[in-house]
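Written below as structure tokens is the structure these notes are about.
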Amino acid sequence: MKKKLVLIGGGHSHIQVLKAFGQIKSDEFQVTLISDVALASYSGMLPGFMAGVYEKSELHFDLKKICDRYGFEFIESKVIKISQKLNQVWLANNQILSFDVASIDIGIEPQKINTQHQQIIELKPISKLIDKWEKILNTEVTKISIIGGGAAAFEVAIACQQKMQCQVQILTSPNGLLKSMNSKTQRLANQRLKKLRIQVRSESVISEIPLIKENEVYLVATSARAPDLFKNSDLPTTQDGFVKVEDTLLVEGCENIYATGDCCQIKGYKLPKAGVFAVRQGPVLIHNLLSTKQRSYKPQQIFLSLLVSGNKRAILSYGSLSFEGRLFWYLKNWIDRSFIRKFS
Ligand SMILES: Cc1cc2nc3c(=O)[nH]c(=O)nc-3n(C[C@H](O)[C@H](O)[C@H](O)COP(=O)(O)OP(=O)(O)OC[C@H]3O[C@@H](n4cnc5c(N)ncnc54)[C@H](O)[C@@H]3O)c2cc1C
């Protein structure tokens with residue numbers, strides 16, 4: 001009897017598991033991938049898509065196609081509950097699936113803005129944002145406000161300015177912009193924003209937008225919130241709701257459930273929510289799924305960030321180093337396209 005391996009979410013680690021297991025042609029596992037979308041978006045290229053540099057078709061992993069290629073089962077549905085006690089997952093389509101081994105790679109959700117309004121659009125899930133962005137492109141918009149202070153807010157603001165030619169502003173908390181990055185990166189980023197006439201307002205933490213004018217759009221790029229799935233499950237979580245894992249990526253106290261990427265917190269580390277970590281966790285997850293001898297994941301102390309800064313330019317930030325220019329955009333473009341190509 002083959003072991004039932006259920007992969008929950010088509011994030012940056014699982015996409016690697018699919019390819020590796022498909023190439024190994026392991027007789028040990030019967031693989032099922034459950035994802036709420038059949039086309040998983042690659043966030044690194046999202047600002048480029050919004051700016052009109054990439055086509056929509058270029059920023060997706062076709063999860064269904066990958067599963068079909070390797071003979072894996074693909075289920076398009078949202079997982080709403082996981083039980084470690086029963087070794088089962090509940091799906092939004094009313095299915096209940098049993099597993100021998102499960103792995104979770106479902107990313108995050110943005111902090112909510114209280115006001116429900118169609119002109120307030122969250123960056124995640126990216127698939128929904130893409131559809132809404134295509135509608136915005138056909139509407140008359142006079143002002144776009146991006147709420148958030150991280151790399152995504154910076155890149156998306158620039159993309160909006162390049163594509164829409166309207167007034168663009170970033171609304172951040174009093175902490176300001178790119179606070180997790182070095183001071184030179186912050187300076188270079190602010191210089192670029194000034195040059196592109198994008199205003200940064202760091203007045204207060206925005207949790208509500210009371211008045212929305214016609215022709216105005218708000219894009220929500222706030223910090224990460226844990227997925228609601230963990231509230232309904234019996235897995236150990238941190239105070240802020242992220243699933244707790246050992247450095248082997250096994251969920252604490254479990255011997256058959258793994259979690260990777262933004263949705264988990266690894267014992268002893270507080271990692272930024274960035275795709276680079278989910279990517280590096282992929283090979284460790286693959287090894288640990290296939291072997292009884294579990295390997296530890298050791299995150300890199302400093303990691304490379306490439307922030308698109310407009311007009312095919314980018315800021316490279318690595319530890320205390322920071323540079324801005326065209327070369328770095330070409331580097332980012334090459335890294336992103338190579339990653340996508342590996343799985344297409
Ligand atoms: C605009 C933007 C630009 C960014 N640029 C970069 C960058 O250049 N470099 C970088 O390192 N990071 C970047 N990030 C951060 C990066 O997107 C995340 O850190 C990364 O995607 C996390 O990967 P993951 O594998 O944890 O999850 P994700 O990539 O978010 O994948 C999770 C998948 O699971 C699916 N899913 C979610 N919930 C469920 C559920 N309940 N059931 C089934 N399926 C589910 C989702 O649809 C999604 O396909 C950017 C983020 C944004 C918003």
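A few comments on the model shown:
- Criterion applied to TYR269, TYR297 was being among the hydroxyl-bearing types (Ser, Thr, Tyr) and within 23 Å of SER223 (Cα to Cα), and the one residue passing it is TYR269.
- Residue within the range 115-127 that is within 22 Å of the chain's Cα centre (by Cα), closer than 30 Å to GLU28 by Cα and in a strand (DSSP E or B) present: no
- Just one of the listed residues (SER296, SER320, SER309) is among the hydroxyl-bearing types (Ser, Thr, Tyr), buried (at least 21 other Cβ atoms within 10 Å of the Cβ) and over 23 Å from ALA40 (Cβ atoms), namely SER309.
- For the range 263-277, the criterion of a residue being surrounded by fewer than 21 Cβ atoms within 10 Å (Cβ to Cβ), more than 15 Å from the ligand (Cβ to nearest atom) and free of Cβ contacts under 8 Å to residues at least 40 places away in the same chain is satisfied by at least one position.
- ALA40, sole failed condition from (1) near the ligand (Cβ under 9 Å from one of its atoms); (2) outside any loop (DSSP other than H, G, I, E, B); (3) surrounded by fewer than 21 Cβ atoms within 10 Å (Cβ to Cβ): (3)
- VAL200 vs. criteria more than 30 Å from TYR258 (Cα to Cα), in contact with a strand residue (DSSP E or B) (Cβ under 6 Å, 6 or more places away or on another chain) and in the same structural domain as LEU123 (by TED's automatic domain parsing): yes
- Unique match (being modelled with pLDDT under 95 and either closer than 26 Å to PRO227 by Cα or not basic (Lys, Arg) (or both)) among ASN256, ASN288, ASN311, ASN333: ASN311
- Within the range 129-147, the set of residues being within 14 Å of the ligand (Cβ to nearest atom), buried (at least 17 other Cβ atoms within 10 Å of the Cβ) and part of a helix (DSSP H, G or I) comprises LEU129, ILE130, TRP133.
- The requirement of being in contact with a helix residue (DSSP H, G or I) (Cβ under 8 Å, 6 or more places away or on another chain) and either crowded, with 19+ Cβ neighbours inside 10 Å or assigned to a loop (DSSP other than H, G, I, E, B) (or both) is satisfied by GLY48.
- Being more than 24 Å from SER223 (Cα to Cα), in a strand (DSSP E or B) and either within 15 Å of the chain's Cα centre (by Cα) or within 14 Å of the ligand (Cβ to nearest atom) (or both) is true of VAL89.
- Scanning the range 25-39 for residues that are free of Cβ contacts under 8 Å to residues at least 60 places away in the same chain and under 16 Å from the mean Cα position of the chain (by Cα) returns SER35, ALA38.
- The condition (being touching a Gly at 6+ places or on another chain (Cβ under 7 Å) and within 8 Å of the ligand (Cβ to nearest atom)) is satisfied by just one residue among ILE126, ILE106: ILE106.
- Selection within the range 290-310: residues that are closer than 18 Å to ALA151 by Cβ and more than 12 Å from the ligand (Cβ to nearest atom). The member of this set that is farthest from the chain's Cα centre (by Cα) is GLY310.
- Those residues of the range 278-293 which are surrounded by 17 or more Cβ atoms within 10 Å (Cβ to Cβ) and in contact (Cβ under 8 Å) with a residue 24 or more places away in the chain, in sequence order: ALA278, VAL279, GLN281, GLY282, VAL284, LEU285, ILE286, ASN288, LEU289
- Any hit, the range 247-257, residues being under 23 Å from TYR54 (Cβ atoms) and within 15 Å of the ligand (Cβ to nearest atom): no
Residues checked against (1) at pLDDT 95 or above; (2) exposed (fewer than 14 other Cβ atoms within 10 Å of the Cβ); (3) out of contact with any Lys or Arg (no Cβ under 8 Å at 6 or more places or on another chain):
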residue	(1), (2), (3)
MET164	no, no, yes
VAL168	yes, no, no
LYS179	no, yes, yes
LYS184	yes, no, yes
ARG192	yes, no, no
GLU203	no, yes, yes
GLU208	no, yes, yes
ILE212	no, no, yes
ARG225	no, no, no
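- Selection status of LYS231, more than 14 Å from the ligand (Cβ to nearest atom) and either out of contact with any Leu (no Cβ under 8 Å at 6 or more places or on another chain) or among the β-branched types (Val, Ile, Thr) (or both): no
The values are calculated or read from the model by the stated rules, or taken from the named source; none is laboratory data. If you're wondering where the values come from, they're calculated on a predicted model, not measured in any experiment. Here Cβ is always computed from backbone atoms with ideal geometry, including for glycine, and neighbour counts include all displayed protein chains.
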